[in-house]
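This report refers to the structure that appears directly beneath it.
The values are calculated or read from the model by the stated rules, or taken from the named source; none is laboratory data. Given the structure is predicted, the values throughout are model-derived calculations rather than measurements. Cβ coordinates were reconstructed from backbone atoms using ideal geometry, including for glycine residues, and neighbour counts include every protein chain displayed.
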């Protein structure tokens, strides 16, 4: 076992990421100090209680609540922490890596992405539009590291796809996530809401065409942290909304002409976490999957599976979670040589 693990967990998927970090660390024989986000602490509290009830010995799983600058900083700089596993922003991840480098500690980082979804003209437009808008406007409302917020659409179906995605966005139902009829919940807090609105305004200023959304809902939701599902068309890959992780219900649609251009646009990002292709041509799907630099890749769909490694290339992170690799990340290799005669040599 690597030893004591510091696990820093974000707010957007607190249950899954608690399990994804703590379970393999325990399986490898490590002890863990967990620091959840101050915006989603109760999940980690309950999970820790359940582990204690299940018989995990005292001191094996430890929970510390507080802010990142206070508790997170203490964990990443503590000489007794042998490895830090962190999921969060690239800026904070850079600080985690720098702190680990100062004392040569192990580190795993999952730092988000700007994932492309490449759509060729041999797909069902309606079903594909549902997938494109669904990933950014439903469930987590775009607040997920692998949300495919760049739609690269072949020019021969580009206009049709814009109309279909706009229709899907109009079908979204914003509200309380505990209501079964709700498809889209709120942004996590006011600070993130302001950031999303700022990026939407920036998209307008840089010349992207706002097709639908871009504003807040009225009525009972006006005072909440809600943003209507937003679709930008005619986006250039150099625009901020095509480069920056938004963490909100915003889809940037970019046209391409052929396979080579699609791959070039997909790879023209500092991130490399997830990507997908939508096509009925299996050979083309395999070519694109091999050419796009991302840690995970989906063909005609996308999912994250616990028995498969998950992580990013480029600035999307270091290391993998999930699968055998996820357990190996908490183990050290050790070579033992035993002399069986008078001499080792």
**Report entry** Single residue of segment 83-95 satisfying the filter (touching a residue at least 40 places away in the same chain (Cβ under 8 Å) and part of a helix (DSSP H, G or I)) that is nearest to the chain's Cα centre (by Cα)
**Finding:** 90
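Do we have residue 155 as surrounded by fewer than 24 Cβ atoms within 10 Å (Cβ to Cβ), at pLDDT 95 or above, out of contact with any helix residue (DSSP H, G or I) (no Cβ under 9 Å at 6 or more places or on another chain) and outside the structural domain of residue 93 (by TED's automatic domain parsing) here?
Yes; evaluated as a whole, the condition is true for this residue.
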Requested in this report: Go through 320, 264, 287, 293 for me and flag whichever is surrounded by fewer than 16 Cβ atoms within 10 Å (Cβ to Cβ), in contact with a helix residue (DSSP H, G or I) (Cβ under 9 Å, 6 or more places away or on another chain) and at pLDDT 95 or above.
Outcome: 287
Requested in this report: Check off (1) surrounded by fewer than 16 Cβ atoms within 10 Å (Cβ to Cβ); (2) assigned to a loop (DSSP other than H, G, I, E, B); (3) at pLDDT below 95 for residue 237 and give me the number that stays unchecked.
Outcome: (1)
Query - Single match in 80, 59, 126, 66 (criterion: in the same structural domain as residue 182 (by TED's automatic domain parsing) and either surrounded by fewer than 16 Cβ atoms within 10 Å (Cβ to Cβ) or in contact (Cβ under 8 Å) with a residue 60 or more places away in the chain (or both)) - result: 126
Query raised in the report: Can residue 312 be described as outside any helix (DSSP H, G or I), assigned by TED's automatic domain parsing to the domain that holds residue 122, within 25 Å of residue 239 (Cα to Cα) and under 18 Å from the mean Cα position of the chain (by Cα)?
Result: no
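So which strands (runs of 3 or more DSSP E) are wholly in segment 96-178 and hold at least 1 residues that are over 30 Å from residue 15 (Cα atoms) and in contact with a strand residue (DSSP E or B) (Cβ under 7 Å, 6 or more places away or on another chain)? First the steps, then the outcome.
On the way: elements: 106-110, 116-119, 150-154.
Fully inside segment 96-178 and qualifying: 116-119, 150-154.
Within segment 182-213, how many residues turn out to be in contact with a helix residue (DSSP H, G or I) (Cβ under 7 Å, 6 or more places away or on another chain) and modelled with pLDDT of 95 or more? Give the steps one after another, and end with the answer.
The initial filter retains those residues of segment 182-213 that are in contact with a helix residue (DSSP H, G or I) (Cβ under 7 Å, 6 or more places away or on another chain), namely 184, 187, 199, 202-203, 206, 208, 210-213.
Next, only the ones that are modelled with pLDDT of 95 or more stay: 187, 199, 202-203, 206, 208, 210-213.
Count: 10.
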Requested in this report: Keeping to segment 20-53, report how many residues are under 19 Å from the mean Cα position of the chain (by Cα), in contact (Cβ under 8 Å) with a residue 60 or more places away in the chain, in a helix (DSSP H, G or I) and surrounded by fewer than 19 Cβ atoms within 10 Å (Cβ to Cβ).
Outcome: 0
Report summary line: By residue number, the members of segment 245-261 that are within 21 Å of residue 231 (Cα to Cα) and touching a helix residue (DSSP H, G or I) at 6+ places or on another chain (Cβ under 7 Å) are 246, 247, 248, 249, 250, 251, 252, 253, 254, 255, 256, 257
**Report entry** Counted residues, segment 179-209 - those being within 23 Å of the chain's Cα centre (by Cα) and assigned to a loop (DSSP other than H, G, I, E, B)
**Finding:** 7
Query raised in the report: Condition test on residue 265, is it in contact (Cβ under 8 Å) with a residue 24 or more places away in the chain, under 23 Å from the mean Cα position of the chain (by Cα) and farther than 22 Å from residue 167 by Cα?
Result: yes
